[in-house]
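For reference, the structure is listed below as structure tokens.
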Amino acid sequence: MENFEPVIVAFCCHYCAYTAADMAGSQRLAYPANVKIIRVPCSSKVDALHLVKAFEKGADGVYVAGCLEGDCHFKNGNMRAARLVESVQKYLEEIGIERERLEMVMMSAGMGYRFAQVATEMTEKIRKLGPSSIHVALVGRESTLQPAGII
Amino acid sequence: MITAERKPLEELIEYIKPFKRLLLVGCNECVTVCAAGGRKEVGLLASGLHMAMLKSGTNIEIHEHTLERQCDPEYIDELVPMIDSVDAVMSMACGCGVQEIARRFKGKPVFPAVNTKFMGASERQGVWSERCQGCGDCLLGKTGGVCPIARCAKQLMNGPCGGSTGGHCEIGEDVDCAWALIWERLKELGQEDRFVEITPAKDWRPGGGAGPRKIIREDLAE
Ligand code: SF4
Ligand code: SF4
């Protein structure tokens with residue numbers, strides 16, 4: 001895959017990271033267009049299925065962005081999300097996908113700069129890792145067989 | 001409930017390698033509650049298997065279906081319209097469910113996706129512990145409601161053994177001594193005298209010692 005542009009999915013909590021993304025926008029902070037944001041009511045709303053399905057559909061990297069420790073709008077959703085991410089990382093390894101492709105990050109609603117920084121760092125990290133083996137297989141299949149639904 | 005845990009993906013991939021179309025069947029009962037083989041786990045496993053096969057250059061078609069109960073033939077019938085379009089079945093139910101599918105569909109290979117563990121209860125969110133071994137002659141009425149068969153490492157009928165220390169079993173600090181629990185409970189009930197009664201050796205025939213067990217309810221059986 002020449003000119004590889006990673007596809008990254010970011011599940012962002014409405015009360016922090018999503019607002020931080022807004023903040024980054026109003027502060028005119030640039031962050032890579034590779035990051036596709038999905039707004040969730042709390043980081044703990046993200047299910048293992050959402051994360052695994054993102055990779056199945058060809059994402060090269062995924063992260064869940066929740067509130068800072070102790071700041072969750074729903075008490076401890078962010079810590080539950082962190083535990084979920086850890087368990088899905090193990091599952092990804094079983095499947096043969098590098099665990100670094102999935103991450104949990106935390107930030108507050110006011111951290112527009114951090115949002116842009118995380119998006120940039122994640123994109124750079126995944127760019128270095130290269131396309132996920134699933135993304136490669138889907139593209140390969142697309143060119144030989146029928147179109148595959150790559151996000 | 002009956003508890004189970006998913007088998008390692010590697011083992012499951014070996015099972016399905018020769019096939020192109022797989023039916024992955026979950027169960028809505030015990031394995032859903034212990035998060036091993038319900039609808040969600042079926043989705044996760046289908047996704048994982050699909051990706052692992054894609055990586056190895058094969059494309060497998062996986063159909064997902066979760067039955068209300070896999071240990072009753074009435075529910076297994078639901079799979080009839082799907083069975084001809086697949087080469088094999090993988091079940092996420094306990095061993096009973098897997099065997100019911102095997103019994104119903106003679107010509108289809110059936111594989112277990114989980115290791116069935118034990119009859120247990122949920123201690124707290126995400127933690128299940130063994131509580132009963134189905135010995136066929138329940139002693140709980142004499143032991144203060146704590147089972148020495150499932151919860152004592154030596155299945156002692158008259159415990160504790162010399163290894164009981166500070167409420168823990170000698171096999172590990174994280175294991176309660178069943179007989180310490182029994183003693184505490186009998187004390188609470190004011191039934192300490194029960195503790196000095198000697199219980200004779202257990203008759204294991206109702207507990208599987210006389211071969212596979214069966215219940216026949218004359219009023220219900222057809
Ligand atoms: S005494 Fe037997 S039936 Fe009763 S809980 Fe223990 S193993 Fe189960
Ligand atoms: S320490 Fe208690 S539970 Fe462990 S084997 Fe001895 S009597 Fe049984």
TODO: Report the residue count in the range A:23-42 for those that are surrounded by 15 or more Cβ atoms within 10 Å (Cβ to Cβ) and in contact (Cβ under 8 Å) with a residue 60 or more places away in the chain.
DONE: 7
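For (1) within 23 Å of B:Glu188 (Cα to Cα); (2) among the aliphatic types (A, V, I, L, M); (3) loosely packed, with under 15 Cβ neighbours inside 10 Å, each residue gets a yes or a no:
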{"site": "B:Pro112", "(1), (2), (3)": "no, no, no"}
{"site": "B:Phe118", "(1), (2), (3)": "no, no, no"}
{"site": "B:Ala121", "(1), (2), (3)": "yes, yes, yes"}
{"site": "B:Trp128", "(1), (2), (3)": "no, no, no"}
{"site": "B:Cys135", "(1), (2), (3)": "no, no, no"}
{"site": "B:Cys138", "(1), (2), (3)": "yes, no, yes"}
{"site": "B:Gly144", "(1), (2), (3)": "yes, no, no"}
- [ ] Answer yes if at least one residue in the range B:66-84 is more than 16 Å from ligand 2 (Cβ to nearest atom) and either within 14 Å of another protein chain (Cβ to nearest Cβ) or within 30 Å of B:Gly159 (Cα to Cα) (or both), and no otherwise.
- [x] yes
Open item on the list: I'd like to verify a number: residues in the range A:66-78 that are surrounded by 18 or more Cβ atoms within 10 Å (Cβ to Cβ) and over 13 Å from A:Val105 (Cβ atoms), how many?
Closed with: 2
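Here's the yes/no breakdown for (1) in contact (Cβ under 8 Å) with a residue 40 or more places away in the chain; (2) closer than 20 Å to B:Val146 by Cβ; (3) assigned by TED's automatic domain parsing to the domain that holds B:Ala153:
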| site | (1), (2), (3) |
| --- | --- |
| B:His168 | no, yes, yes |
| B:Gly172 | no, yes, yes |
| B:Asp176 | no, yes, yes |
| B:Gly190 | no, yes, yes |
| B:Phe195 | no, yes, yes |
| B:Ile198 | yes, yes, yes |
| B:Ala201 | yes, yes, yes |
| B:Ile216 | no, no, no |
- [ ] Counting only residues that are more than 24 Å from the chain's Cα centre (by Cα) and either more than 14 Å from ligand 1 (Cβ to nearest atom) or away from chain A (no Cβ under 14 Å) (or both), give me the helices (runs of 4 or more DSSP H) lying completely in the range B:105-222 with at least 2 of them.
- [x] B:178-189, B:192-196
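Quick grid of which residues meet (1) modelled with pLDDT under 95; (2) away from chain B (no Cβ under 14 Å); (3) more than 15 Å from the chain's Cα centre (by Cα); (4) open to solvent by 70 Å² or more (accessible area, probe 1.4 Å):
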position: A:Met106; (1), (2), (3), (4): no, yes, no, no
position: A:Ala109; (1), (2), (3), (4): no, yes, yes, no
position: A:Tyr113; (1), (2), (3), (4): no, yes, yes, yes
position: A:Val118; (1), (2), (3), (4): no, yes, no, no
position: A:Glu121; (1), (2), (3), (4): no, yes, no, yes
position: A:Ile126; (1), (2), (3), (4): no, yes, no, no
position: A:Ser132; (1), (2), (3), (4): no, no, no, no
position: A:Glu142; (1), (2), (3), (4): yes, no, yes, yes
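The values are calculated or read from the model by the stated rules, or taken from the named source; none is laboratory data. What you see is a predicted model; the values in this text were computed from it and never measured. Glycine also receives a Cβ, built like all others from the backbone with ideal geometry; neighbour counts cover every protein chain displayed. To get the accessible areas, we keep the full protein, side chains included, count just its heavy atoms, and leave off ligands, DNA and RNA. Shrake-Rupley method; radii C 1.70, N 1.55, O 1.52, S 1.80 Å.
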